[in-house]
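Heads up, the thing below is written out as structure tokens.
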Amino acid sequence: MSKYTAPRGTKDITPDDMPFWHYIESTSRSLFSLYNYQEIRTPVFEHTELFERGIGDSTDIVEKEMYTFSDKGDRRLTLRPEGTAPIVRAYVQHGMHSKSKVSKLYYCGPMFRYERPQAGRYRQFHQIGVESLGSALPICDAEVIAMGVHLFDELGLSGLSVAINSVGCPVCRPVIEERLKQFIGLNLEHLCGDCNRRFDSRPLRILDCKNSTCKTYMTGLPDIRDSLCHECKDHFNYVVGYLDNLGIPFQINPQLVRGLDYYTRTTFEIGSDQLGAQNALCGGGRYDGLVSQLGGPATPAVGFAFGIERAVMILQEMSDYHQRVNPLVYVAPVGFDQVAKSFLLVDRIRRAGYRVELETSKNELKTHLKQADKLNARLVLIYGEDEANVDKVLVRRMADRTQELIPFDHALEYIVSELEDDTF
Ligand SMILES: [Zn+2]
Ligand SMILES: [Zn+2]
């Protein structure tokens, strides 16, 4: 084993994995642009207070999972554990609310949580997320959910379904919490310390307690949607109506509250039958109070985020997934004197937009061909003394081992037409 390894809970994204990452990132970017979303990038660390106020100080994230430190200027800083609070901070800081009625933003980058590492779960993990700020309309929730489903469809995942719930608004939340407390209160002594501590101030958090004993006491829980106010009920019915209209399958899950305090009304998760039932690919919801809570004007908003690691794992398990890469040209100068002119040809091919491997450390034609085979090159260009004497290049097609001598100055044209030929 090497002397130094990546810290526990982190991992290198190696060149073998990278095509999957690029595929997910580029598919996400082009899909989000169809919905007219724009990218935003925020720092990986923020003032700790942003997360304490934004995510809620009685959540697992803030209580147990944040990487918090003081810098040399004694500022309390935290590596971002999620993307929404920083986006909202930037939205307020840049006065985006005054520039357009609705701001549609997406982000992509590393997040940090001190969690127990398990398969597909890391302490530095990566999320892609979207935030639509400025509209309170239920069509907006439905559009964000539909966009998530569209994205995973586009990535090639099958059996997608949405789990959805409403966690109410400041008007009906106290009613919901009261009913929950009546139900949970009967068994409070059996629940864990966290649940007991959160019972009075944040009873909704008990629903996402990860403790398995606590979970067993949640069966028979009253449907919190019965306590929703009229506006919240209407909103929810419209959202599921729009999903129905698009033919997006969904199940209502009355216990789905998500582990963050800022959600209001809609909460949702998107899952795939390629994952276990408990495993969501993506989660999100509406957060109408967060912008004002972080010092901005009252602004309704809705968004989602998903973990790239998990999406990569699923794609890697799918046997029918093949990465398309553009074909490789292998250029083999035979002899040192042929290197400069070969390099010139290589430069021309690369500028035409093709992938080229220039190999100058081998002098034997045989070893060149072996290496080209290993790299899966489509064409090999051989340029040795014989070719130089007649000012030509030998172009060898690796698929059928045929080859042809082409005048040096026509080589580029010939190679491009060979590579454009898609019958290989
Ligand atoms: Zn309400
Ligand atoms: Zn608990």
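The antiparallel fraction among DSSP beta bridges confined to the chain stands at about 80%. Backbone amide hydrogens, once placed in the peptide plane, bring residue 166 within less than 5 Å of 267, excluding anything fewer than 5 places away on its chain. Applying both filters, DSSP loop and at most 12 other Cβ atoms within 10 Å, to the trypsin sites (Lys or Arg not before Pro) of region 11-99 gives 41, 72, 75, 99. Among rounded, prolate and oblate, which fits region 50-189 when a ≥ b ≥ c are the square roots of the eigenvalues of its C-alpha gyration tensor, a/c under 1.5 means rounded, and a/b larger than b/c means prolate? Because its axes are fairly even, with a/c under 1.5, region 50-189 counts as rounded. Close amide-amide hydrogen proximity is noted between residue 281 and 270, 271, 272, each under 5 Å apart and 5 or more residues distant or on a separate chain (H modeled in the peptide plane; Pro and chain starts excluded). Highest mean first, the peptides 212-225, 333-346 sorted by other C-beta atoms within 10 Å per residue fall in the order 333-346, 212-225.
Going through the cross-link list 11/374; 104/215; 11/181; 101/233; 3/341; 99/210, which pairs have a Cα-Cα distance over 32 Å in this structure? Where the Cα-Cα span goes over 32 Å, the pairs concerned are 104/215; 11/181; 3/341; 99/210. Tell me whether region 328-420 comes out rounded, prolate or oblate; compute the Cα gyration tensor, take square roots of the eigenvalues as a ≥ b ≥ c, and use a/c under 1.5 as the rounded threshold. Cα axes put region 328-420 in the rounded bin. Think of a 1.4 Å ball rolled over the protein heavy atoms: region 328-420 then has 56 Å² of accessible area per residue.
3J(HN,Hα) along region 385-393: 4, 4, 5, 4, 4, 9, 6, 10, 10 Hz, from the Karplus curve 6.51 cos²θ - 1.76 cosθ + 1.60 with θ = phi - 60°, whole Hz, x for Gly and Pro. Using a cutoff of 8 angstrom between alpha carbon atoms and counting only pairs six or more residues apart, the relative contact order for region 291-363 works out to 28 percent. In this Cβ point-charge picture (+1 for Lys and Arg, -1 for Asp and Glu), the chain has a dipole of about 1180 debye about its Cα centre. Partners of residue 72 within straight-line reach, counting aspartates and glutamates whose Cα lies under 17 Å from its Cα and excluding those fewer than 8 residues away in the same chain: 46. Relative to the longest principal axis of the Cα atoms of the chain, the long axis of helix 230-246 lies at roughly 30 degrees.
If you place +1 on the Cβ of every Lys and Arg and -1 on the Cβ of every Asp and Glu, how big does the dipole about the Cα centre of region 287-424 come out, in debye to the nearest 20? Spell out each step's value before the answer.
Values: 16 positive and 22 negative charges, 59 e Å.
Computed charge dipole of region 287-424: roughly 280 debye.
Report note on the peptides 134-141, 77-84: ranked by the mean count of other C-beta atoms within 10 Å, highest first, their order is 77-84, 134-141. Here the accessible area is traced with a 1.4 Å probe on the protein chains. For the chain, carbon and sulfur cover 50 percent of it. Highest GNM mean-square fluctuation, the chain, Cα pairs closer than 10 Å: which of 87, 128, 40? Of 87, 128, 40, the Gaussian network model singles out 40 as fluctuating most.
Compute all pairwise cysteine Cβ distances in the chain, then list the cysteines with no distance under 4.7 Å to another cysteine. Unpaired cysteines in the chain: 108, 140, 169, 192, 195, 232, 282. Taking the dipole about the Cα centre of region 108-240, with the C-beta of Lys and Arg at +1 and of Asp and Glu at -1, give me whichever of 183, 152, 114 is farthest to the positive side. Going by the Cα projections, it comes out as 114.
The values are calculated or read from the model by the stated rules, or taken from the named source; none is laboratory data. For clarity, every value in this text was computed on a predicted model and none was experimentally measured. All Cβ positions, glycine included, derive from the backbone under ideal geometry; neighbour counts span all protein chains shown. These area figures cover heavy atoms from the full protein model, side chains too; ligands, DNA and RNA do not enter into them. Shrake-Rupley method; radii C 1.70, N 1.55, O 1.52, S 1.80 Å.
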